[in-house]
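Working notes for the structure below.
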């Protein structure tokens, strides 16, 4: 099959639903969140999501989209989180308890350190990578729909990230909790209503009758969709 034919080929419907389930955690748009999560892409929904993604991540053209995807894959918020985690872990429990009250209120950096302190021992080794990877999936899919990325490359990249997610977390619950911590870290200093909206959306994903995650076991078999048994190397998205 030629590269051109691969780029025109539609993604397998079941795989598409699985990737959608992994990224549905990003759709915490208050009353619309669950609707957006249970319905796959249509024109109105696509337009709404593209505007929301661009507003949050500045992905308004092909170059910006590729740059953001590379950042999410290689660094993301998890790099900063892990740096704080490493520093705080090096302190004794007593020293950590003494240090935290000295953080300045209203300061973004201090707010993020407090979040790390609160959740560092409740997260697996992968930390908040779920946040970066979930946004990678949704930005990658939107980028392919906008023709910012070749569809074949986008599918390969999303498969790679889905495999990384499965290896990093042991359950939907652990994955969604890690995303929630990452979202708190990213939006440190935001209103409590924002974090409550995320919590409510995640609860709905875990318990809702039509939640997309209910369709799939955590270890959904990706082998039939991979080009090789090994995790593929993600394209650099160079122009």
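The values are calculated or read from the model by the stated rules, or taken from the named source; none is laboratory data. Note that the structure is a prediction, hence the values are computed from the model and not measured. A quick note on method: Cβ atoms are made from the backbone with ideal geometry, for glycine too, and the neighbour counts reach across all protein chains shown.
Going by the conditions given, is residue 130 surrounded by 20 or more Cβ atoms within 10 Å (Cβ to Cβ), modelled with pLDDT of 95 or more, assigned to a helix (DSSP H, G or I) and out of contact with any strand residue (DSSP E or B) (no Cβ under 9 Å at 6 or more places or on another chain)? The answer is yes for residue 130. Taking each residue of segment 11-25 that is on the phi > 0 side of the Ramachandran plot and touching a residue at least 24 places away in the same chain (Cβ under 8 Å) and looking for partners that are surrounded by 17 or more Cβ atoms within 10 Å (Cβ to Cβ) and part of a helix (DSSP H, G or I) with beta-carbon atoms closer than 8 Å, six or more apart or interchain, yields nothing. Of the residues making up segment 134-172, those that are in a helix (DSSP H, G or I) and more than 14 Å from the chain's Cα centre (by Cα) are 143, 144, 145, 151, 152, 153, 154, 155, 156, 167.
Of the helices (runs of 4 or more DSSP H) lying entirely inside segment 59-109, those containing at least 3 residues that are under 17 Å from residue 137 (Cβ atoms) are 62-74, 76-89. Filtered by the rule that a residue be free of Cβ contacts under 8 Å to residues at least 60 places away in the same chain and within 18 Å of the chain's Cα centre (by Cα), segment 81-114 gives a lone residue, 82. Quick check: is even one residue across segment 21-33 assigned to a helix (DSSP H, G or I), more than 21 Å from the chain's Cα centre (by Cα) and either at pLDDT 90 or above or under 24 Å from residue 177 (Cβ atoms) (or both)? Scanning segment 21-33, I find no residue that is assigned to a helix (DSSP H, G or I), more than 21 Å from the chain's Cα centre (by Cα) and either at pLDDT 90 or above or under 24 Å from residue 177 (Cβ atoms) (or both), so the answer is no.
Residues in segment 68-82 that are closer than 14 Å to residue 182 by Cα and in contact with a helix residue (DSSP H, G or I) (Cβ under 6 Å, 6 or more places away or on another chain): 72, 76, 77, 78, 81.
Sort out which residues of segment 197-230 are over 16 Å from the mean Cα position of the chain (by Cα), in a loop (DSSP other than H, G, I, E, B) and touching a residue at least 24 places away in the same chain (Cβ under 8 Å), and write them in order of number.
The answer is 208, 210, 211, 216, 219, 220, 222, 226, 227.
Count of segment 181-195 residues, restricted to those that are without any contact (Cβ under 8 Å) to a residue 40 or more places away in the chain and within 21 Å of residue 81 (Cα to Cα), is 6. Filtering segment 39-58 to residues that are modelled with pLDDT under 85, assigned to a helix (DSSP H, G or I) and surrounded by fewer than 19 Cβ atoms within 10 Å (Cβ to Cβ) leaves 43, 44, 45, 46, 47, 48, 50, 51, 52, 54, 55.
Restricting the first member to segment 115-137 and to residues that are under 17 Å from residue 187 (Cα atoms), and the second to residues that are in a loop (DSSP other than H, G, I, E, B), the beta-carbon pairs closer than 7 Å and six or more apart or on different chains are 115/188; 130/169.
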